[in-house]
Every structure is written in C-alpha cells, then in structure tokens.
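K.L.:
First the structure, which I've put down as structure tokens, then a few questions once you've had a look.
Rule-based calculations on the coordinates, nothing more; no lab input. On a predicted model such as this, the values are computed, not experimentally measured, just so you know. Virtual Cβ from ideal backbone geometry, glycine too; neighbours counted across all protein chains shown.
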Amino acid sequence: MTTMAQIGQILVDVPTMQTNDPYSYAIPAELEHQVQVGMRVIVPFGRGHRLVDGVVVGLSDVTSFDGQLKPIETVLDLAPVLNSELRQLADWLATKTYAFRITCIQAMLPNLLKTQPKRQVRPTTTLSDAEMATYFPEGAPRDFDATKLDEETVAGLLKLQRAGEVEVVYQVKDQATAKTTTGITPALPPTKLNEIREAVSQRAPKQADLLAFLAQMPADKVIAQSEARKQANVSAAVMTTAAEKGWLTRSTLEVYRDPFHQPVTPTKPLQLNAEQQVAVSAITTAVDEQQTENFLVEGVTGSGKTEVYLQSIAVALDQGRTALMLVPEIALTPQMVNRVKARFGQRVAVLHSGLSKGEQYDEWRRIDRGEATVVVGARSAVFAPVENLGIIIMDEEHESSYKQDENPRYHARDVALWRGEYNHCPVVLGSATPSLETRARAAKGLYTRLVLPKRAKTQAMMPTVHVVDMREQMKLQGDSDFSEPLMTAIQERLDRHEQIVLMLNRRGYSSFVMCRDCGFVLKCPNCDISLTLHMDTHSMKCHYCGHEEPIPHVCPNCHSKKIRYYGTGTQKVQQALEQRLPDAKILRMDVDSTRRKGAHERLLRQFGEHKADILLGTQMIAKGLDFPNVTLVGVLNADTALGLPDFRASERTFQLLTQVSGRAGRASKPGEVYIQTFNPDHYAIQLAQQQDYERFFVTEMHMRHQGSYPPYYFAVQLTASHEEEAVAAKAMFQIVEALKQGLSPQAIILGPTPKAIARVKRKYYYQVVIKYKHEPKLRAVLEQIRQAAQVPARHGLAVTIDSEPMSFM
DNA sequence: AGCACGCCGACT
DNA sequence: GTCGGCGTGCTC
C-alpha cells in the first residue's frame, strides 16, 4: 500500500454558496486507514467547536488552503455510501438545478443517513441552586435548541455562557441503525451435543429437543433465535438455559426490515404479440451492445408495456447487469410491486415513501451490497446505488410527480438519462400519452419510438367516449353535478351489477362558500385562497396551511343568510349521489380518505372485491388501477384543469382524460366514458374523446410554437417570497432588472407577477419566467442572483430557481 | 446555519 | 463610560 493520504476534501453540511466547494481537513493517524472517498464524516466547523457532518469527496496530500487544518473528528461509515458515479451525478445535478452540492447528496441518500446535529449546554462550574432550578430543571446537560426554547431561557443561558459558567457542546447523532435480533450458534461440536442430550434428565425433554436441533445445525452458522425456537419448538427460557450451560452462544444478528413479507407466486414471461416482440428486441439489442440508446414506448393501457419492461429487464439480468424501474409514487401499489416481485423474486428491492425510514434504509443497503439487482421505486429511486446498470425504465414518463418541487428541483427523467449515458445502457420511457418534450425528442430522432397499438390480452374494444355539454344540461335541469346521460348510464350499470368509476377533478378545489347576495367568498386569513368546505369535520379548511374555522351561517360581509356552498367537492358529490341512488354502494377516494397509511390499498381492494358499485375520487383514481368489472367511467368536471393559468393545462387535461378513459371496459365487456364539460369544443377534450394522441401532439405543438413555450423554448422560473408583500415584490423587480441587463434581447421575460396563489402560509409570492433558446450568459446571471439573494435571505426573503418548471403557476 | 466581530443608540 | 442591539463576513 502506498502512503496514506494526509488530507481529506470534505463537503460540509452547510448549504451556502461559500461552502459549496470542499474544505480541506487533516486526517489523524488513527483514522488514516478508515477514511475513504464517499464516506460520511463529522468535522469541526467554524469558531468554537461546532460539529457538522460532511461527505469525503476527495483524498490528497496537498491543499491550496494555507491556514491551519482542523482534523476530521469521526468517520461515520465503514464503507462509502456514495460511489464514484453518484458523486459525479451530484456535481452535475448541483450545476443543472442551481442547488448546493450537499443538498444534492442528501437527496440521494436514504433519510436515515442524515445525521441529527444537536446542541446541548452544561455548567462548567457549580451553579447556584436557583440557577440550576431555572435552567436545568431536569438536570445537566440539557438540550439547547434556540428555536424551541422561550426567549427568556435562551437569553439567560447565553448570559451564563458569556460569563463562562456554562458551555455549549455539540453532538452529531448518526441515525443509521440496522435492526438486530438475537442470533444463536452451537458452541460445541455435534458429537458433544449428542452426548449431553443422552445424559440430560428425562424430565427435560425440551432441552433434549434443543440439543438435537443444535447438533444438526452447521457449526459455523448463526441463525435468529426466534427462528431456532420455531424449528426446535422450544421456549425462550430453554434458550437461556442452554446459553448458560454453554451449549450455544448468542450474538447480535443484523436483519432487514422486509416491507413485503407476503409470499408472491412466481410468474413466467408471457407470450408477446408482434409489436411487443419488436419493442423487446430493439431494447435488448441496446442492452446487449451496451449502447446508450433511449426509447419511447408508446402504448395505451393494456397494450402490454409492463411485459415489455419485464422481459427487457430479464435480459439485462441474464447478462449479470442490474435494472432500475421508475414508476410514479401513486402507481407503486402492491399490485405493481407484486408483479415485478413475481417475476424476479428476491432480487427486487422497492423504494418509496410508503416505507418506514428503517425499511427504506434496509432496501437501500440490499441494493448497495448488490443483494438486490432490480430496483423498483418512485422519483428518488433514480439515485439508487445500483452498480453496473443494464437498463433503466421510466413508466408513465409524463407524470409530473417525477419532478421534485423542492431543492434540488430535479426531474427524474433527466437523471435517468444521465445514468443511462454513464452506464452505457438504454433508458426506456413509457407512456400512453407522452409529454410533449419526450414525444418531440422522439420526432427529432433522439429517442427510438416504439409503438404498441393493440390491447395485448383479449383485443378488448376501446371504450366509447361521450362528451356531455354541461351548458345545455344547465339549461335543461339547472345546476347539477350529474347530467342526464350520465345518470342513465350509471343506472344501467347498477342494474347489470357492473361497476362505475367517477372522477372529480381536484380535491374540493371548487367547494367553497359564497354569499349569493354579495358574492363574498370565505378565504384563509393566511393564504390567498378560498377555504374548502369539509362536511366530515363540519368546518372550513385551508388546503395550503391547514387553517380551520367553523362554517359560517351568516355572511360576514353583508349579513345575508344566503351564504352557501358553491361548486363541488368529493364529499358533496357523494352525498348527492347517495340521495339519488340510495341503493348504490359508494366508495370515496381522495386525499382525505387516503391519508392514513395503507388506506389507499384498502379502498382499492374493497372496490376490486365488488364491495362497492361506485368508486368516486380525484385524479388518483385515474392511475394504475385495473378492474375488469368497471364498464363506465364518468368525468364530472373535465374543465377545472383547463382553466388554470398554465401552459401545460391542455396537456394535463388530455392526459388525464385519456388515462381515466382507459379504466373503462377491460376483458369482454365494452366500456363507456362520459366526460362532462363546459368546453365541449376544446381540442384537448375533443381529441381525448377520439383518443387521438397523435393529433393532440401536433395541435398542441402548434399552440406551444405560437406561444413560444416549451419544448420550443427552454424555461426558468424564479420565485421570491416574503411575509411582506412589498419586500417580495421589490426583490422580484430587482431580479427582473438584473435579468434584463444580463440576458440577450431574444430572451422572453414574463413578469414579474404575483403567483396565481399569491399568498401561502403567510408568505407572498412573486415570480418571473424566462423563456429562451440560446442564452450563454444565463448561468452567470442566475449565479449572480443567487449570490445576491444570500444577504436578504437572513430577513426571510426566499429566492428559488426552477429550471424547466412543470408549470408557470 | 451559527458564531464573532464591529458599529450604533440607551442605559447604569 | 458600558451593555447589548443587529448588520456583515467567515467557517478548512
């Protein structure tokens, strides 16, 4: 071995622009053999002895820093948690998303690997009884978190600190703990154990059982005590006796928290149809040849995309490579996971937010150790530490949940493409309704387009889609959530014992209270949006900050009693439906009814078992569910999304309607879809009715071209927020000034404007959007804005940069 | 982020 | 004259 490095380059966990580059730390002799690049460490940082955590990103013998180096305090890991690929990815991501490097690294690691820094205070001398009683009522040392203590205590403690009577100590706690259980191993050779067994008293049959069990155990194997007890059929007491008598030794055994303990029945690859065959062979050729060829697999629900994915993955695995499969969070139902597990068994690891932190960590370790070679997960799984990737799949690539809406504001698709290039492996993007960006890139030849036209299974007929003009319905029967044609169709299904899915766009978005006399709308005192009526709690709630107040019976503005609900929420629709169809069983599924863990799956299972006739829900029902007995799908208000001030409104509406239509009519029963709308002539609705994605793509591309929107232009959105509207507005005007100065005249600057919902959680939001084609100075200008935003950040001004935002709202 | 240093007004 | 407010710069 060559001489060990003397200096570690550490990215400290202090997200600022000045600490975005690594700092040099001395490696003490006793840590020389432990420290490796990619490990987490604890280092002293700043004056005093504040401890922070950090990540080793380099080792060297020299440094350009000419001051006194501080030594690394502790090494937190036994093995690196970030390999070379992920370290490079973090750097790329930081540049791409204008985020701090350490923030990117944290986004890549499981939550449990985040340390918890803690401050404590303790007396340095003997304090008076009064002081002890005031400041250390529960003894010393005590936690010192200035944000949680009252001002008086903080001030008092700081005073004592200045006087040198107390000191602040720092701790950095590593949360990463593996779950353990007691393991046992035979302490004596089998012959000896058998001897003892024969000598043991007749009145101790259980001890004899255990001895027999131990005798047949492999000598060097450790098994869980609980497992041994089951197999030998003995109690814990017998185990303890055996340990005391020296027959076995106990040890600590590391176990995984397995989130999917239920057994799955293995499946075999299905017979492919011609188009599927073409797709699989194109993809697997790229896998074979280790090419960074990327694919767009276009196929409607039931066209057999998943089978194409699974068989392509199988080829990668056969070559000793690994696979990553990304799905939207909402589609990560046990149904989906089981399908992959059924094909690849123990090799599959699952990563998503439904798992506990411990389970996430364990799945992550199984991947890290190479024990799992197929990873299925939501957005952040794109950072899974799989090595030697042979294929990356991203299902439902158009889903907006692939974009993270906090720092780092990355799109999982971009990360997937980066990793595909790094690993020389194909990336497969799949969707029935690809995002315009992706479809446009396929048109340019950047992705190979593979189309799966038919329904794979029974050639089930595509559903008939009816558009119901609600303006006419209004004239005919007044204000109702249900049109006549839809009600008739529902009744038919009920008579035939078939099932119905009804979708309401957006949770209670329009269920606000309005005064019919003066038009007054009850709004949240903290946020700039209407409060939503919740009949379950009999209160008005704000969906942004959670503010809650009683339902008004008198208008606060004009004191009229005609203050009523307006618009529609799932609960109100459910009530109306129950009234009109007293015999139908209705299941409601929205953010409120699925808040509890597992509620989502439970509701779906109930519906699958036909314990209800009608499933009523928000967008979430449009995705990933597959019930053969559903022959009618109704969209109650197709327009809500259309009216939003967003360039993607049509795209979203089209995707949603197409997707939900796919829920109707599987197997042998033909399906019908009713779309209720006030805009029956809108192209997004018309083309969704005709299920004509290609024409929608062409039409929408034309609209985007007209409006200079993505994918014709790149876009960056900047937001400034502050408790005082004037501060946020002023900051945004200054930003716009800087942009105008720095950018070329070709750059289109939209704004500054207050955001569509200008006030959320007591803060005002202002934004600007830059649309551009070629703007070499953009990075420099944005970095300068980022730099300048640091000073006012101390006074609560938050500036965010979102490259390629999902919407301009 | 969090700490010290330094510059200002209000107090013993 | 000093205590303590906050604005600013720096942390290997």
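K.L.:
Give me A:T240, A:T753, A:T373, A:T618 ranked fewest to most by other Cβ atoms within 10 Å of their Cβ, as a rough exposure proxy. Let's see the in-between values first.
P.N.:
Working: A:T240 12, A:T753 16, A:T373 25, A:T618 22.
With the fewest neighbours first, A:T240, A:T753, A:T373, A:T618 line up as A:T240, A:T753, A:T618, A:T373.
K.L.:
So how much slack lies between A:Y712 and A:V521, counting 0.36 nm per residue of separation and subtracting their Cα-Cα distance, in nm?
P.N.:
Working: separation 191, 0.36 × 191 = 68.76 nm, distance 3.94 nm.
Value of the extension gain: 64.8 nm.
K.L.:
Now for a different question. For chain A, what is the charge dipole size about the Cα centre, in debye to the nearest 20, if Lys and Arg each add +1 at the Cβ and Asp and Glu each add -1 at the Cβ?
P.N.:
Numbers: 93 positive and 90 negative charges, 184 e Å.
My answer is approximately 880 debye.
K.L.:
Dipole of region A:97-205, Cα-centred, from +1 at each Lys and Arg C-beta and -1 at each Asp and Glu C-beta, to the nearest 20 debye?
P.N.:
660
K.L.:
Once the dipole of chain A is set up with Lys and Arg at +1 and Asp and Glu at -1 on Cβ about the Cα centre, which of A:T95, A:Q571, A:Q225 lies farthest towards its positive end?
P.N.:
About the Cα centre, the residue reaching furthest to the positive side is A:Q571.
K.L.:
Now for a different question. Can you compute the helix-only [θ] at 222 nm over chain A? Use -39500 (n - 2.57) per DSSP H run of at least 4 residues, normalise by all residues, nearest 500 deg cm²/dmol. Please report the intermediate quantities before stating the final value.
P.N.:
On the way: 24 runs with 263 residues, N = 809.
Computed ellipticity for chain A at 222 nm equals -10000 deg cm²/dmol.
K.L.:
In angstroms, what radius of gyration and Dmax does region A:179-255 have, counting Cα atoms only?
P.N.:
Every Cα atom of region A:179-255 included, Rg and Dmax give 11.6, 39 Å.
K.L.:
Can you give the Rg and Dmax of region A:6-114 based on its C-alpha atoms, in angstrom?
P.N.:
So, for region A:6-114, Rg and Dmax equal 13.1, 38 Å respectively.
K.L.:
Also, I was wondering about something else. Spelling out what I want: for every residue of region A:432-441, take phi, set θ = phi - 60°, compute 6.51 cos²θ - 1.76 cosθ + 1.60 (Karplus), and round to whole Hz; glycine and proline get x.
P.N.:
Per residue, the Karplus-derived 3J(HN,Hα) values read 7, 9, x, 4, 4, 4, 5, 5, 5, 5 Hz.
K.L.:
Kindly state, as a whole number, the per residue volume in cubic angstrom of the convex hull around the alpha carbon atoms of chain A.
P.N.:
Given the Cα convex hull of chain A, per-residue volume reads 256 Å³.
K.L.:
What net charge is computed for the residues neighbouring A:K562, neighbours being all others with C-beta under 14 Å from the C-beta of A:K562, Lys and Arg scored +1, Asp and Glu -1?
P.N.:
In short, +2.
K.L.:
Okay, moving on. Ranking A:V427, A:V57 by Cβ neighbours within 10 Å, fewest first, what do you get?
P.N.:
A:V57, A:V427
K.L.:
Continuing with the same structure: Quote to one decimal, in nm, the extra length available between A:I223 and A:Q36 on full extension: 0.36 nm per residue of separation minus the C-alpha distance between them.
P.N.:
64.1 nm
K.L.:
Now, a different point. Highest first, please rank the peptides A:211-221, A:37-47, A:191-201 by the mean number of other Cβ atoms sitting within 10 Å of their residues. Could the numbers behind the result be given before it?
P.N.:
Details: A:211-221: 15.5, A:37-47: 18.6, A:191-201: 13.8.
Order by mean packing, descending: A:37-47, A:211-221, A:191-201.
K.L.:
Per the Kirkwood definition applied to all pairs of different Cα atoms, how many angstroms is the hydrodynamic radius of region A:644-774?
P.N.:
Working: mean 1/r = 0.0570 Å⁻¹.
Its Kirkwood hydrodynamic radius stands at 17.6 Å.
K.L.:
How big is region A:274-452 along each principal axis, measuring the range of its Cα positions in Å and listing the largest first?
P.N.:
The Cα atoms of region A:274-452 stretch 43, 37, 31 Å along their principal axes.
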